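The values are calculated or read from the model by the stated rules, or taken from the named source; none is laboratory data. Remember, it's a predicted structure, so these values are computed and weren't measured experimentally. Quick reminder, even Gly has a Cβ in these numbers, built from the backbone with ideal geometry, and neighbours come from all protein chains shown.
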Amino acid sequence: MTTREFLRFAWTQLTAMRTALVLLFALIVAAIPGSLGPRVLPQRPNNPVLVREFLDAHPTLGPLLDRLGFFDVYGAPWFAAIYLLLMVSMVGCIVPRIAVYARNVRAMPSGAPRRLDRLPQHVAGETGRTASEALDAGQAWLLARRYRVRRQAGELSGERGYAREFGNLLFHVSILGVLAGVAVSALAGFKGSVIVTEGAAFSNSLSQYDDFTSGGLFDRSSLAPFTVWVDRFDVEFERGPVQRGAARQFLVHARVAEGLGEPVAAKLEVNTPLLTRSAMVNLIGHGYAPVVTITDARGATAFSGPVVFLPQDGNFTSLGVVKAPDARPQRIAVEGIFVPSQSRAGGTGPLSTFPAPDNPVLWGTLWQGEPRAETGRPENVYSLDTTGLTRVMDGADPASFRLAVGETHTLPDGSRVTFDGLRRWAKLQVSDTPGLPIVWASVALGVLGLLLSMFSKPRRVFARVTDAAGAAPRVEVGGLDRVDARTGLAEDVAGLASALGLRADAAEDDEAGTGREEHT
Amino acid sequence: MTGFAYYSSVAMVTSVVVYLLALTAHAAEWASARRVEPEPGSRARQERLEADLIRVDRFGRVGLAMTVIGAALHVGGVVLRGLAAGRPPWGNMYEFVTSTLAFLVVGYLVLVARGRMRWLGLPVTLLLVLGQGLAVTVLYVAVAPLVPALHSVWFVIHIVAAAVAGAMFNVGGMASVLFLLRTRAERRGRVAGYLRRLPDAEALDRIAYRAAAFAFPLWTFTIAAGSIWAQFAWGRYWGWDPKETWSLVTWVVYAAYLHARATAGWKGTRAAWLGLLGVAAFWWNFVGINLLVSGLHSYAGI
Ligand code: HEM
């Protein structure tokens, strides 16, 4: 390598590493706003409700932040710009290095420099052997130490630690692998969720999902058919004084049928998802579904069944709406609050003291209205559209009820609301993440690469034997580490020297670099 | 509190006291080394110097002995806690802090046994006293079973990797602090007292690098193991939860540190500051996020 080439090489290297550093900093800084937590800066993918509240509370700042993407930092264009730039820069740096590395691996070690005494480690002296004997012995010694050796005219060059650069390249390439896996998942995967009450089932078709997202390359009509029955859902909470109320067990006793196959019993828990042939089914939420019957003024059953209520707090005070559009002469709707363990303190309203259904109570207010024509438009089952409805009043106050299991509330017109019992519901997430094997394989390779690169010792050693007329041949050995922060160079140089037959007493020891070896 | 849980608490609290003694001894070592200046002088002066050095050394040895006793109590406390809970003892912050520090003290003692690393005694015992003290006073919670999301082998793997990596990040961070102090002293031409007893700046830099180089692959693995666990527990391997984000930020900071060490102009002092930023990110992720920011991870119980 000429000086000019070297300078150019050094310059590109320098700029590339600088670029990498700057971009890594930028990535760190850019990642922070999204990580401050929902109370400081909520993120839409995790806390959409809090984002809406933030926007309401900050009418000027909010929309500005929104436009700049601060409510979805990790999906924001500027965040993508940084990591894409980082990847481009990395590819620009890695590809030439791979080429250089491929050449180096095939090439022999370079020849010995003229002045071995300039190297960080150097010893010289006389040997008792002939030049060729000494070189043979030195070569054998180097090969035994897994050095790659080049021998030419009275000289030996040894090089080892090729694994370092290999590992380093492998690591950087594996970062691209991780991104590729993430991209494959985003494009070809899907994720959907559905709430299933005990005793009910879910079939994997688009219409059954409560929400569903999929990548651009995913064919929504290709959902593989399978059915999951939620037969029973065991839930336990801590009852002892320590961490009272903490979740202790979630166990869904399920049956699964693939396609038209027979149902097979299966257990679904928080850390043990069901694996069907095409998807993973995780248990990601739970709650209560009070079973309610509404009998209309004519005595006909207008509605009967479990109704999913959504939990609002850690003790599962839950909100829900029971609708009986078929009740006659007037349709009926109930805005309910379900409390699994109603506080027994006198005078309290709906207040839950424990997440398990120790004292389940259904509170509610009532609405009635003229029957409405069936529009066929889907309605939100968790909220009540009160147009055309009027609140049922009890004197000046809205009529309300409080029911324990088995109790019935009768409306002024004779229609009745009965709290029959209780089921649990499980929120299932069905997903396919086809890039995941790519991601994890890449991470594994990346860790392997790091280990290779961190724990190998790239090192070069050289030996020169000069025949001196009439005297013993003179031996010179020198070595350098390609990377600092390694030990054992002095030992290798000394070892090679003694393999060459250097007389210990005659060694003109040059300890230029040995002072650094202490304290390790 | 009965049986194992009780003895675990006793051992932990006692370890804080013993670590405090160790810290005092190392502080005395530091303080007495301050006055010991090898100046050329009379014979009497040389003799006094030697006596001083022996005294300094005695403080250091007492500190080490105390650390060994404290470590035995500490590790015993962690093991008993695990026996009391009937599971690996890292289900909440109290348990994670005590376990990480146990890995740290064991790692330190191994380093002392293998090489001349006793000079790390002062910062290590300082960290132990602060960390263990905080754990037994503020973070303590009684033994309780795990929430279902923690029932996973990946939980065990993920946390062990995180604790060991964290311990090594801290060792590296301490070496970086000492590196910065020592470089400053070297630049001013006044390397005196305790600083003189440290390895030179270059060696400190190397030790900091080695600790980070050891911890970085492990931290990479920690994040990967966490993502596998998240896929099983929550149905997504990555969700930009604050905890996840900060472990990634920590990872990127250390990647920047490793790059900085290979970049002209960033070697040495600036790289050391980056290393410290890495430790800060680790602790923020661990203490700050758990206490101040709510996310999926915070339900593990403080
Ligand atoms: C932006 C483009 C990048 C370039 C040009 C680049 C270049 C390099 C180079 C030349 C080295 C070798 C340093 C040495 O010899 O000690 C290196 C090491 C390293 N890089 Fe990068 N890199 C880039 C991006 C990244 C990214 C995105 C990461 C991960 C976040 C990363 C993580 C690392 C790590 C951990 C090492 C240390 C490995 C070792 O010491 O063997 N790099 N990088």
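Scanning for something among the hydrophobic types (A, V, I, L, M, F, W, C) and surrounded by 19 or more Cβ atoms within 10 Å (Cβ to Cβ), does the range A:95-107 turn up at least one residue? No, the range A:95-107 contains no residue that is among the hydrophobic types (A, V, I, L, M, F, W, C) and surrounded by 19 or more Cβ atoms within 10 Å (Cβ to Cβ).
Figure legend. Inter-residue proximity from the range A:184-196: first residues of a type in the set (A, V, I, L, M, F, W, C), second residues assigned to a helix (DSSP H, G or I), beta-carbon distance below 8 Å, spacing 6+ or different chains. Indicated pairs: A:184/A:438; A:190/A:220; A:194/A:208.
Pairing each residue of the range B:246-258 that is more than 19 Å from residue B:226 (Cα to Cα) with any residue that is modelled with pLDDT of 95 or more and within 7 Å of the ligand (Cβ to nearest atom), provided the two are 6+ apart or on different chains, yields C-beta distances under 7 Å for B:258/B:216. Here the range B:178-211 is the region considered, the condition is being buried (at least 17 other Cβ atoms within 10 Å of the Cβ) and in contact with a Leu (Cβ under 7 Å, 6 or more places away or on another chain), and the residue that is farthest from the other protein chains (Cβ to nearest Cβ) is B:185.
Going by the conditions given, is residue A:80 modelled with pLDDT under 90 and either more than 26 Å from residue B:292 (Cα to Cα) or part of a helix (DSSP H, G or I) (or both)? No.
Of the candidates A:249, A:208, A:243, the single residue that is polar (S, T, N, Q) and in contact with an Asp or Glu (Cβ under 7 Å, 6 or more places away or on another chain) is A:249.
Of all the listed residues (A:55, A:64), the sole one being surrounded by 14 or more Cβ atoms within 10 Å (Cβ to Cβ), more than 14 Å from every other protein chain (Cβ to nearest Cβ), more than 16 Å from the ligand (Cβ to nearest atom) and part of a helix (DSSP H, G or I) is A:55.
Do we find that residue B:250 is under 27 Å from residue B:144 (Cβ atoms), at pLDDT 95 or above and part of a helix (DSSP H, G or I) in this structure? No: the conditions fail for residue B:250.
For the range B:253-266, filtering for residues that are facing another protein chain (nearest Cβ under 8 Å) and part of a helix (DSSP H, G or I) leaves 5.
Looking only at the range B:185-218, residues that are basic (Lys, Arg) and within 23 Å of residue B:253 (Cβ to Cβ) come to 2 in all. When residue A:435 is tested against (1) away from the ligand (no atom under 16 Å from the Cβ); (2) assigned by TED's automatic domain parsing to the domain that holds residue A:146, just one condition goes unmet, and that condition is (2).
Close Cβ contacts (under 7 Å, 6 or more residues apart or on different chains) running from residues in the range A:447-475 that are within 14 Å of chain B (Cβ to nearest Cβ) to residues that are in a loop (DSSP other than H, G, I, E, B) comprise A:456/A:161; A:457/A:161; A:457/A:486; A:457/A:488; A:458/A:161; A:458/A:482; A:458/A:483. Among the residues that make up the range A:259-282, is at least one of them more than 12 Å from chain B (Cβ to nearest Cβ), exposed (fewer than 14 other Cβ atoms within 10 Å of the Cβ), of a type in the set (A, V, I, L, M) and outside any loop (DSSP other than H, G, I, E, B)? Yes: the range A:259-282 contains one or more residues that are more than 12 Å from chain B (Cβ to nearest Cβ), exposed (fewer than 14 other Cβ atoms within 10 Å of the Cβ), of a type in the set (A, V, I, L, M) and outside any loop (DSSP other than H, G, I, E, B).
For the range B:216-250, the set of residues classified as at the interface with another protein chain (Cβ under 9 Å from one of its Cβ atoms), touching a helix residue (DSSP H, G or I) at 6+ places or on another chain (Cβ under 6 Å) and within 18 Å of residue A:441 (Cβ to Cβ) consists of B:217, B:220, B:221, B:223, B:224, B:228, B:229, B:237, B:238, listed by residue number. Annotation: of all residues in the range A:100-113 being assigned to a helix (DSSP H, G or I) and free of Cβ contacts under 8 Å to residues at least 12 places away in the same chain, the one that is nearest to the ligand (Cβ to nearest atom) is A:100. Would a scan of the range B:121-144 turn up a residue that is within 12 Å of chain A (Cβ to nearest Cβ) and without any contact (Cβ under 8 Å) to a residue 60 or more places away in the chain? There is no residue in the range B:121-144 that is within 12 Å of chain A (Cβ to nearest Cβ) and without any contact (Cβ under 8 Å) to a residue 60 or more places away in the chain. Taking (1) outside any loop (DSSP other than H, G, I, E, B); (2) under 24 Å from residue B:281 (Cβ atoms); (3) within 11 Å of chain A (Cβ to nearest Cβ) in turn, residue B:170 satisfies each apart from (3). Pairs, please: C-beta under 6 Å, at least 6 apart or cross-chain, first residue free of Cβ contacts under 8 Å to residues at least 24 places away in the same chain and among the charged types (D, E, K, R) and in the range A:86-99, second assigned to a helix (DSSP H, G or I) and near the ligand (Cβ under 10 Å from one of its atoms)? Sorted first by the residue in the range A:86-99, then by its partner, the list stays empty.
Going through B:96, B:155, B:103 one at a time, which residue ends up being within 14 Å of another protein chain (Cβ to nearest Cβ) and hydrophobic (A, V, I, L, M, F, W, C)? None of the other options fit; the residue is B:155.
Considering the range A:418-454, and only residues there that are within 20 Å of residue A:228 (Cα to Cα) and of a type in the set (Val, Ile, Thr), the residue that is surrounded by the most Cβ atoms within 10 Å (Cβ to Cβ) turns out to be A:430.
Note on the range A:151-203: among residues that are within 16 Å of the ligand (Cβ to nearest atom) and among the aromatic types (Phe, Trp, Tyr), the one that is nearest to residue A:465 (Cα to Cα) is A:162. In the set A:8, A:4, only one residue is more than 16 Å from the ligand (Cβ to nearest atom), assigned to a helix (DSSP H, G or I) and either exposed (fewer than 14 other Cβ atoms within 10 Å of the Cβ) or of a type in the set (Asp, Glu) (or both); that residue is A:4.
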